[in-house]
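The values are calculated or read from the model by the stated rules, or taken from the named source; none is laboratory data. Model, not experiment: these values are computed from the prediction. Virtual Cβ from ideal backbone geometry, glycine too; neighbours counted across all protein chains shown.
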Amino acid sequence: MKKLLILSAIIFLMGCDKGGTADKMAISPATGTGGSLARFTIAGNFLYTVDKQNLKVFEISYPSNPQYIRTVPIGFEIETIFPFGDKLFIGSTSMVHIFSISDPSNPQKLGEAISPDVMRRCDPVVAKDTVAYATLRTNGPCGGTQSVLAVYDIHDVTHPVQKATVPVGEPYGLGYSGNTLYVCDRNALLVYDISQAFHPVQVKQLPSSAYNFIDVVPFDNLLICWVSNGMLVYDISNKQNPVLLTQIN
C-alpha cells in the first residue's frame, strides 16, 4: 500500500506528457506522466505551458534556472496540451491545434482539427500513432449539442480528418495503454478496445455512485484515476479488465 501511494504521488507530480509507457512518444522517460487535462508538459529540455490564448516556451536545461523563450499566440479558450513525438496537440473548446516542436524553442502551427457536428465543447485530447482521440463534452460552460468521443485521422497532421464519433454521456479526461483506451464518463470509467484505431469498441464499464471520474494516467501496469474525492489505482496487467487495488482519499 505504501509503495502504491508513493508511486501515485510521483506520477501526478512529475509532469504532464500522456499515454501508456508502451508508447513512449519520443519523450524522455525522465519527463514523467500526467493527465489529458494538463495545462503544461515537458519535452526534452523544454517546458510548454498554455493559458487561455497562448503557448509559452521555457528552456529548462538547468531546472534551477528556467529561461523564458517566447510566447506563441494560439487562439481562444485554450484548455489542454498533450505531447506526441515532435508535436503538441493543444485542445480548446472548439478545436484541436497541432504544433510542430521539431525546433523545440520555436513551435510552429501545422494544422487544426475542428469537430463539424458541435460548435463549442470541452476538448481533452491524446494521440497515438496516426490517430487522435478527444472527449467533447457539452454540459455546463462547454456548450454544444452532443457529448462524444471523437476519433481523428492524423496521417497528415496538417489536415486532420474526423473519422468517427462515439456517444458518451458526460466525458472528461482519457488515456491509453497499448490497444486499450480509458475514458472518464462522469459516473463511470469506460474501457474501449482500439485494436481498430478508428473504430473504438466499448468492452467494459466500471460505474460508481460514490464519486465522479475526472482524468486517468496509464503507467506501466497501473491506471491512476483522478476522481472527485481523491484517486483510484487499478491493476491493468489485463488492459481491458482493470482491477481496483486501492483508493486514496
Within the stretch 157-196, the residues that are touching a Lys or Arg at 6+ places or on another chain (Cβ under 7 Å) and among the small types (Gly, Ala, Ser) are GLY169, GLY175, SER177, GLY178
Selected residue (criterion: modelled with the lowest pLDDT) from residues of the stretch 191-218 that are assigned to a strand (DSSP E or B) and closer than 14 Å to LEU232 by Cα | VAL217
Given (1) in a strand (DSSP E or B); (2) farther than 18 Å from HIS159 by Cβ; (3) at pLDDT below 95, index of the condition LEU110 fails = (2)
Select from the stretch 205-231 the residues that are surrounded by 13 or more Cβ atoms within 10 Å (Cβ to Cβ) and of a type outside the set (A, V, I, L, M) and list them in ascending order.
-> SER208, TYR211, ASN212, PHE213, ASP215, PRO218, PHE219, ASP220, ASN221, CYS225, TRP226
Cβ-Cβ under 7 Å pairs, at least 6 apart or on other chains, the stretch 226-237 side modelled with pLDDT under 95, far side of a type in the set (Asp, Glu) and surrounded by 19 or more Cβ atoms within 10 Å (Cβ to Cβ) = TRP226/ASP215
From (1) surrounded by fewer than 20 Cβ atoms within 10 Å (Cβ to Cβ); (2) in contact (Cβ under 8 Å) with a residue 40 or more places away in the chain; (3) under 13 Å from GLY178 (Cα atoms), pick out the condition that doesn't hold for SER195.
-> (2)
Of the criteria (1) crowded, with 18+ Cβ neighbours inside 10 Å; (2) under 15 Å from the mean Cα position of the chain (by Cα); (3) of a type outside the set (Ser, Thr, Tyr), which one GLY178 fails = (1)
Where residues in the stretch 121-150 are modelled with pLDDT under 60, over 11 Å from GLY173 (Cα atoms) and under 18 Å from the mean Cα position of the chain (by Cα), which of them is surrounded by the most Cβ atoms within 10 Å (Cβ to Cβ)?
-> ARG121
Does at least one position in the stretch 38-56 carry a residue that is touching a Gly at 6+ places or on another chain (Cβ under 9 Å), assigned to a loop (DSSP other than H, G, I, E, B) and modelled with pLDDT under 90?
-> yes
Quick one: in the stretch 76-107, of everything that is among the acidic types (Asp, Glu) and in a loop (DSSP other than H, G, I, E, B), which residue is farthest from THR158 (Cα to Cα)?
-> GLU77
Can you give me the number of residues within the stretch 219-242 that are farther than 18 Å from TYR176 by Cβ and outside any loop (DSSP other than H, G, I, E, B)?
-> 3
By residue number, the members of the stretch 61-75 that are of a type outside the set (Gly, Ala, Ser) and either part of a strand (DSSP E or B) or more than 19 Å from ILE90 (Cβ to Cβ) (or both) are TYR62, PRO63, ASN65, PRO66, GLN67, TYR68, ILE69, ARG70, THR71, VAL72, PRO73
Being of a type in the set (Ser, Thr, Tyr) and surrounded by 13 or more Cβ atoms within 10 Å (Cβ to Cβ) is the filter; apply it to the stretch 48-71 and report the residue that is farthest from ASP103 (Cα to Cα).
-> THR49
Within the stretch 232-243, the count of residues that are surrounded by fewer than 20 Cβ atoms within 10 Å (Cβ to Cβ) and in contact with a strand residue (DSSP E or B) (Cβ under 6 Å, 6 or more places away or on another chain) comes to 3
